[in-house]
Amino acid sequence: MRAEPVPGGALPYRVVATDLDGTLLRSDLTFSLRTRQALKLATGAGARHLVVTGRPASSCLPFLLDLGYTGLAVCGQGAQLYDASAGRLLTTASLDRGPARALVAAVERELGPLELGVVTAAPGNRCVSTAGFFAPPPPGSETVAERELLWAEPIEKVLMRHRELPDGTVAETAGRLAGGAMTVVHSQAGMVELLPPGTTKAAGLAAAADLLGFTSDDTIAFGDMPNDLPMLRWAGHGVAMAGGHPELHAAADETAPGNDADGVAVVLERLFGACGDGSCGDGSCGDGSCGDGSCGGGSCGGGSCGGGTDPGRAAPAGRRRAGHPPGAGPRGVAGHPPARSPARRD
């Protein structure tokens with residue numbers, strides 16, 4: 001059931017948690033004007049925008065700067081808490097190379113050769129991969145001819161891709177073999193990640209909640225891939241993006257239009273605009289005509305990343321509570337090419 005505005009001016013949600021790639025970012029890796037306006041509409045009402053991304057802080061920094069983002073961001077699939085205002089990492093986690101290497105070998109014994117990549121430990125967080133992983137390699141990444149070089153320095157994650165088998169098969173096999181020793185997530189077509197144990201977007205979001213003083217029921221979360229599932233289940237209201245992975249659609253409370261159709265903005269306009277009947281969620285301001293701030297009060301409903309207080313928030317009707325049981329493991333995307341460039345890691 002979709003979330004609705006709360007009568008009487010109370011905040012529908014105190015926190016708007018968004019994935020970046022495939023969710024807030026368009027396919028060309030830019031933020032639309034309408035999305036920017038919708039975020040300002042929400043934060044102007046007193047909500048906090050919280051980025052929750054699979055990208056390490058070093059990779060998401062240009063996007064945070066583009067948004068004028070301040071405060072905390074959850075990066076690295078939840079492994080990193082990054083203070084964008086101070087430009088420093090508050091927390092980070094590394095992956096033990098020995099067990100990670102052994103798990104890769106075990107997966108290859110069952111499935112055959114994998115293309116591999118790693119993200120080195122913070123603060124560098126360089127992306128290093130075998131020649132066949134990306135097509136072409138993203139700017140700033142490194143390609144190695146010998147796989148031994150992938151393990152030459154401390155790492156935060158391992159990236160895996162099979163040339164023929166679906167991602168779901170790789171994720172299921174790695175998850176089964178890992179047990180609880182590592183977290184396995186499917187983050188994009190052509191990419192399965194090995195992470196430190198317990199690393200999820202939900203865990204990172206919960207850590208941010210402890211620091212900032214909000215709860216899961218205060219939170220609406222947006223995502224598009226299986227690595228977003230824990231976050232959507234943790235949040236009071238989970239929104240899947242149209243065109244995203246089918247498993248998210250099955251688990252989410254509602255489905256928004258896709259990232260290239262300003263889906264996050266459509267939902268935020270409905271929740272934080274003045275049109276309580278939802279009539280302002282039709283994109284009437286999508287042409288930017290309200291970009292002068294005239295719709296800050298919600299007059300056109302179309303609609304910076306600061307925090308806000310909670311002036312007597314009431315729970316919207318039809319909201320789901322947090323703590324749903326986990327669903328099945330990720331389903332694969334068969335017949336995919338090498339991971340696209342630039343690399344999205346969320």
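The values are calculated or read from the model by the stated rules, or taken from the named source; none is laboratory data. Fair warning: this is a prediction, and the values are worked out from it, not measured in the lab. Every residue, glycine as well, gets a Cβ built from its backbone with ideal geometry; the counts of neighbours run over all protein chains shown. Areas reflect the complete protein model, heavy atoms only, side chains present, ligands, DNA and RNA absent. Shrake-Rupley method; radii C 1.70, N 1.55, O 1.52, S 1.80 Å.
Testing the spin-label approximation: label points 7 Å from Cα along Cα→Cβ at D260 and L211. State their distance in nm.
Going by the 7 Å Cα→Cβ label model, 3.5 nm.
With +1 on each Lys and Arg Cβ and -1 on each Asp and Glu Cβ, how big is the dipole of the stretch 1-70 about its Cα centre, in debye rounded to the nearest 20?
160
Give me the percent of the accessible area of the stretch 87-239 that comes from carbon and sulfur atoms, probe 1.4 Å, all protein chains in place. Intermediate results must be reported in sequence, preceding the final value.
Details: 3140 of 5630 Å².
Heavy-atom surface of the stretch 87-239 belonging to carbon and sulfur, 1.4 Å probe: 56 percent.
Which whole-number percent gives the relative contact order of the stretch 67-127, counting Cα pairs below 8 Å spaced six or more residues apart? Please report the intermediate quantities before stating the final value.
Working: 50 pairs, mean separation 10.6, N = 61.
Over the stretch 67-127, the number comes to 17 percent.
So how do 260-272, 27-39 stack up, highest first, on mean other-Cβ count within 10 Å?
On the way: 260-272: 25.1, 27-39: 18.8.
Ranking, from highest mean packing down: 260-272, 27-39.
Normalising by the residue count of the stretch 115-211, find the relative contact order in percent from Cα pairs under 8 Å and 6+ residues apart.
Values: 151 pairs, mean separation 21.8, N = 97.
After rounding, I find 23 percent.
For the stretch 156-230, what relative contact order do you get, as a whole percent, if you take Cα pairs closer than 8 Å and at least 6 residues apart? Before the final figure, lay out each step's value.
Details: 87 pairs, mean separation 21.5, N = 75.
Relative contact order comes out at 29 percent.
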